[in-house]
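Here's the structure we're looking at; comments come further down.
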Amino acid sequence: MHNIIVIGAPGSGKGTLSRFLQNEYGFYHLATGDIIRNNIKNKTKFGQQCLNYVSQALLVPDNLIIKMVESQIATIKKPIIWDGFPRTVGQANALDIMLTQRRSKIDKVLCLDVDDEVLLARIAGRLICPTCNRVFNIIKMPPKVTNYCDDCKSQLQSRSDDDPAKFRVRLQAYHTYGQALLDYYGKQKIIHHITSNDNWVKVKVKVIKILDLSQHD
Ligand code: AMP
């Protein structure tokens, strides 16, 4: 098992699930949103190219994002958990080509299904660590010390694109492009749907089973 994609609307828990698989099962967590935010923060050329799109809650054009992903995967040796990429069929095609060149492929696609109302409520309390990108929720997954990251102790922030108007634009983008992606992987019969409205423990157990991983204590 070398490449797992996590698909889901913004706020569906892709980052939390990916981080769990990274920490407990040694996956490499490749999150294009985190990479973009880090590049924007560090004012790199790629970050500057993405800034306008991200601040308007639009998708970064395929050519830019695909080039960045190509440069990232060259050195990764671990199994990869893909979080936030691909987002379009164009990106999915490009990823297939990249992986074929490396004699690899997408093994499974996990789709986190969450109702829109649950997403909207969840996003209202979402906080992110600007240093390690760990995600918290004021109500459902609060940090041990209010407003500070459990891991790197940085002060938590809300994401500027989590404001309700921008969030709706991102959600709309997911519904538009996400369905085409689900059709793309649906034809390959590698999608597993997981209802993730509330019970995180059940989600973990289901994912462990789908990926055929051994349960840790
Ligand atoms: P995320 O953290 O995955 O919600 O991504 C935050 C923002 O980064 C998105 O709203 C897009 O503007 C941009 N982004 C992240 N991944 C991609 C991608 N695969 N394709 C295009 N834009 C992306």
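The values are calculated or read from the model by the stated rules, or taken from the named source; none is laboratory data. Values in this document were obtained by computation on a predicted structure and should not be read as measured data. For neighbour counting, all protein chains shown are included, and Cβ atoms are generated from backbone atoms with ideal geometry for every residue, glycine included. Just so you know, the surface numbers come from the protein's heavy atoms only, side chains and all, with ligands and any DNA or RNA stripped out. Shrake-Rupley method; radii C 1.70, N 1.55, O 1.52, S 1.80 Å.
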Query - Ratio Rg/Rh [Cα only; Rh per Kirkwood] for segment 33-158 - result: 0.99
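For a Förster distance of 25 Å, can you work out the FRET efficiency between the beta-carbons of D151 and K41, rounded to the nearest 0.05?
Efficiency, from the Cβ-Cβ distance: 0.90.
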Report task. Provide the per-residue ³J(HN,Hα) series for segment 169-185, in order, calculated from phi with Karplus coefficients 6.51, -1.76, 1.60 and θ = phi - 60°, each as a whole number of Hz, with x at glycine and proline positions. Result -> 5, 5, 5, 4, 4, 4, 5, 6, 7, x, 5, 5, 5, 4, 5, 4, 7
Query raised in the report: Put a dot 7 Å past each Cα toward the Cβ at L120 and K189; how far apart are the dots in nm?
Result: 3.9 nm
**Report entry** Alpha-carbon spread of the chain, three principal axes, descending order, Å
**Finding:** 46, 44, 32
Query raised in the report: Mind listing P(r) for segment 87-131? All alpha-carbon pairs, 10 Å bins, whole percents.
Result: 19, 29, 28, 22, 2
Query raised in the report: Using a 1.4 angstrom probe with every protein chain in place, what is the largest-first accessible-area order of F20, F85?
Result: F20, F85
Requested in this report: Leaving ligands, DNA and RNA out of it, rank W82, W200 by accessible area with a 1.4 Å probe, largest first.
Outcome: W200, W82
Query raised in the report: Residue-wise, which Karplus ³J(HN,Hα) couplings in Hz belong to segment 88-95, taking 6.51 cos²θ - 1.76 cosθ + 1.60, θ = phi - 60°, and x for glycine or proline?
Result: 10, 5, x, 5, 5, 4, 4, 5
**Report entry** Carbon + sulfur, % of accessible area of segment 1-156 - ligands and nucleic acids excluded, 1.4 Å
**Finding:** 53 percent
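Per residue, what volume in Å³ does the Cα convex hull of segment 12-98 take up? Present the calculation step by step, with values, prior to reporting the outcome.
On the way: hull volume 9.2 nm³, N = 87.
Hull volume normalised by residue count: 106 Å³.
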Report task. Please state, to two decimals, what the Cα-based radius of gyration of segment 132-176 comes to when divided by 2.2 N^0.38 Å (N = residues). Result -> 1.39
